[in-house]
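Data first, discussion second: the structure below is written as structure tokens.
Derivation of every value follows stated rules applied to the coordinates shown; laboratory data play no part. Worth saying up front: this structure is predicted, and the values here are computed from it rather than measured. So basically every Cβ, Gly included, is an ideal-geometry build from the backbone, and we count neighbours across all protein chains shown.
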Amino acid sequence: MSPTVIPIQPFSTGPGSQPAQPGDKDWACLPLPVEVQTYRAPPSPEPGERGADAVRQLLRGVVDAFGAGSEGKCLNLALDELDIHAHRLLAQLLGEGEVSARIALPDGGSVQI
């Protein structure tokens, strides 16, 4: 068997591989981001903050329900019993887009948000 010579051609396409032509613009890329967004934990409530006891009791009930093996069962949370301060605190703790809920409508249907 005789050795075969395979000619290798240089890859000659792409920016900088061709001579510049009159009127060509210099090659440039988009600037790299200066700041990168990272995860930030939501701020925790201060001791004695209004609504904290109601939210703590609600979330403790959720944890207890999950611990009791409520998988596949409907978990009803009475959010209408919370005051405005508790609602704001709950929204602050859960964050945006991290929670979905299925709401039972009076006509028997439901909506998922």
>> Order 51-60, 29-38, 104-113 from most to least packed using the mean count of other Cβ atoms within 10 Å.
In response: 51-60, 104-113, 29-38
> Quick one: Cα convex hull volume of the chain, Å³ per residue?
Replying inline: 425 Å³
> How far is helix 52-67 tilted, in degrees, relative to the longest principal axis of the Cα atoms in the chain, given as a value from 0 to 90 rounded to the nearest 10?
Replying inline: 80 degrees
> Once Lys and Arg get +1 and Asp and Glu get -1 on their Cβ, which of Leu89, Ala41, Thr13 lies farthest toward the positive end of the dipole of the chain?
Replying inline: Thr13
> Quick one: if the Förster radius is 35 Å, what FRET efficiency do Leu75 and Gln37 give, using the C-beta to C-beta distance and rounding to 0.05?
Replying inline: 0.60
> Hey, what number do you get for the chain at 222 nm if only DSSP H runs of n ≥ 4 count, each worth -39500 (n - 2.57), divided across all residues, to the nearest 500?
Replying inline: -7500 deg cm²/dmol
> In debye, nearest 20: dipole of the chain around its Cα centre with unit charges on the Cβ of K, R (+) and D, E (-)?
Replying inline: 280 debye
